[in-house]
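Accompanying notes for the structure given below.
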Amino acid sequence: MRKLGQRSNNFAKSSCGAFGVSDQWAYGASKYLNCNLMSFPFTYLGIPISVNPRRCQTWEPIITKCERKLARWRQRHLSFGGRVTLINSVLTSILIYFFSFFRVPKQVVDKLVRLQRNFLWGGTPEQNKIAWIRWDTVCKPKEEGGLGVKDITAFNTSLLGKWKWDLFQNKEETWARVLQSKYGSWRNPKGAPRAWRLLKDRLPTRDNLRRKRVELHEYVSPLCKSTDESASHLFFHCSKILPIWWESLSWVKLVGAFPHHPRHHFLQHSHGVYEGLQGNKWKWWWLALTWTIWKHRNSIIFSNATFNAHKVMDDAVFLIWTWLRHLKKDFTYHYNQWSSNLKEGFLRT
Ligand SMILES: [Zn+2]
C-alpha cells in the first residue's frame, strides 16, 4: 500500500466507490488507491445509488432519469422506427451500468416496460395497430418478425453474465470499474467522452452558451476569472493552464506556440511527434489532459472546488496511466514508476 510513494497523497482527497463487490474488496481497493471509500448512497452519473438493489426504491431515480430523457423526445415527430431506436439507445445508455451489477426486481422491469410501451405507442396512430401484438413478440428481433424493442430482462441477464465472467477472467476489469466511478469513461480513450465535442468546439463553454443565448451571470473563465471562457482559452491559453502544457512539452523536449482552435491544437500536438516519441501515448496525453481540465473546471463551477494546477497534472497523469494499463499489454509500469519517469514513459515503449 505504501508503494505509491511520494505521490501517495494524490488521492487523499479523492473518493472512490465500488458496488457489486464485497465490502472488504472495496475497502482494499480504496486503501490501495489511498482514497476515501464513498459510503452509500453515492451518485453515479448524477444518479444517487442507495444501498439495496432489491428494493424498488433504489431504482426510482434511475427510472425517473429514463422517463425524463424520453419525455424530451415525446413532442417530436419521430417515425416508429426512430422511436424504437431511440428508446433502445436511451435505455442502454442509462441502464447498462446498473444492469451489469444488479438483478432487476420484477416490479422495476414492469415499470420500465410501461415506459417503453408509452413511449412507443403513446397517442399515435400506430397504437391500435400494435397494441394487440404480444409484448414478447414486440421484443423479438426484426428478422424474427418482432419490432426489435429491447427486452429488459434479457438485457439484464446478458449483462450480468458478462460481468461474472469478467470477474473470473480478469481482475483488472474489476479495478477499472472502481476507477470508472471517479474518472468516467476510461474504457476507450480514443472515444474519450467529450473529445469530439472539444475538437469541434461544441462543449458548453461559457462563450458557446452565450452564443446559444443561455443567460449566465458571468462569462469569465472560472479558472483565472479575467478572460472570457472559450474552449481555446480554457483548455490552452488560460494563464492557469498554459504552464501545465509547457511542463508536459518539456518532458519530450518540444516547444511551440499554441494554435487557437482545439482541432488545430490537437493536430499540432500530434504532428509534433518525432522519432523516439511514442505517438499514440502522446495523443492520449492530449486527451487525458483536456478531459481532466474539463472535469476540474466543472467541479470549480458546480462544486465550488478551487483550482489547483498540481492536482490537474496529477489527475491527468493518473488517468492516462489507467488508459495505458488497459490498452497496451506491454505497458507494465507501476503507477509510481510511470509518474516519476514521465519523460522516459513517453519516449520508450
Ligand atoms: Zn483563464
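Read the figures in this text as sums done on the coordinates, not as results from a lab. Predicted model, so just to flag it, every value in this text is computed and none were measured. So basically every Cβ, Gly included, is an ideal-geometry build from the backbone, and we count neighbours across all protein chains shown.
Listing for the model above:
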read-out: Cα centroid separation, segment 281-349 to segment 230-258 (Å); value: 15 Å
read-out: Rough spin-label spacing in nm, given labels placed 7 Å along Cα→Cβ, for Lys142 and Asn308; value: 5.2 nm
read-out: Of Lys69/Lys140; Lys200/Lys240; Lys69/Lys295; Lys283/Lys343; Lys65/Lys142; Lys69/Lys225, pairs whose Cα-Cα distance is over 26 Å; value: Lys65/Lys142; Lys69/Lys225
read-out: Order of His77, His296 - criterion: other Cβ atoms within 10 Å of each residue's Cβ, fewest first; value: His77, His296
read-out: Ser221 long-range amide H proximity, modeled H, under 5 Å; value: Ser226, Thr227, Asp228, Glu229
read-out: Spacing of the two label points (7 Å from each Cα toward its C-beta) at Ser299 and Phe258, in nm; value: 2.0 nm
read-out: Enclosed volume per residue, in Å³, of the convex hull spanned by Cα atoms of segment 72-114; value: 79 Å³
read-out: Using a Förster distance of 41 Å, the FRET efficiency for Arg197-Val273 (Cβ separation, nearest 0.05); value: 0.95
read-out: Å³ per residue enclosed by the Cα convex hull of segment 189-347; value: 110 Å³
read-out: Point-to-point label distance, Arg114-Val214, nm (Cα→Cβ direction, 7 Å offset); value: 3.3 nm
read-out: Order of Lys106, Lys295 - criterion: other Cβ atoms within 10 Å of each residue's Cβ, fewest first; value: Lys106, Lys295
read-out: Per-residue Cβ neighbour rank within 10 angstrom, fewest leading, Lys200, Lys111; value: Lys200, Lys111
read-out: Extension gain, Lys65 back to Lys329 (0.36 nm per residue minus Cα-Cα distance, nm); value: 91.3 nm
read-out: Using θ = phi - 60° and Karplus 6.51 cos²θ - 1.76 cosθ + 1.60, couplings along segment 291-307 (whole Hz; Gly, Pro as x); value: 4, 5, 4, 5, 4, 5, 4, 5, 6, 5, 6, 9, 10, 6, 6, 9, 6
